[in-house]
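The values are calculated or read from the model by the stated rules, or taken from the named source; none is laboratory data. The shown structure was predicted, so the numbers you read here are calculated from the model rather than taken from an experiment. Because the Cβ atoms are built from the backbone with ideal geometry, glycine has one as well, and the counts that use them run over all protein chains shown. Surface areas here come from the heavy atoms of the whole protein model, side chains and all, with no ligands, DNA or RNA. Shrake-Rupley method; radii C 1.70, N 1.55, O 1.52, S 1.80 Å.
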Amino acid sequence: MRLLTHNMLSSNIKGVSNGFPLRIEVEKVLEKQVDFNADFLRNMFPKIEWKAFVDAARTIGYAELPEEVDNSSILTSEEFLNKFHHALLELHLEEGALVCPETGRRFPVNKGIPNMLLHEDEV
């Protein structure tokens, strides 16, 4: 599961009002090469919740992203775009879990696929 995916997921358990961001429990992380596309990164950047993204990257062992970003000038920096690309698209949570911040419910991640199915009493 890419951090791009993680940044878009939240817990949909009945009664949960604060289901984002899901906490990551890491068992195995893989790096997979992806072609660099600066236009894609510039278009995705406004859709990313930055603090959650940086926290997730640090949780899986990547601490190269700045804590805060200046939206107007950062997207012209080749160095920043390369780091953003690596964290967003090349780091994969292969095995582990996503944990609801409110209930503590664990959603397993196996072979890079998060299982977000709810139990009958959570719907």
Fully extended contour minus Cα-Cα distance, from ASN110 to LYS32, at 0.36 nm per residue: 26.4 nm
Lysines whose Cα lies under 19 Å from that of LYS47, excluding same-chain neighbours fewer than 8 positions away: LYS83
Solvent exposure of segment 13-98 as accessible area per residue, Å², 1.4 Å probe: 56 Å²
Modelled FRET efficiency - R0 22 Å, ASN18 with LEU118, Cβ distances, 0.05 increments: 0.85
C-alpha long axis of helix 50-59 to longest principal axis of the chain, angle in °: 80 degrees
Taking the C-alpha atoms of segment 30-75, convex hull volume expressed per residue in Å³: 91 Å³
Long-range tail of P(r) for the chain (Cα pairs > 20 Å, %): 44 percent
Computed [θ] at 222 nm, helices only, for the chain once each DSSP H run of length n ≥ 4 contributes -39500 (n - 2.57): -6500 deg cm²/dmol
Net +/- balance of residues flanking HIS86 in space, Cβ distance below 12 Å, scoring K and R +1, D and E -1: -1
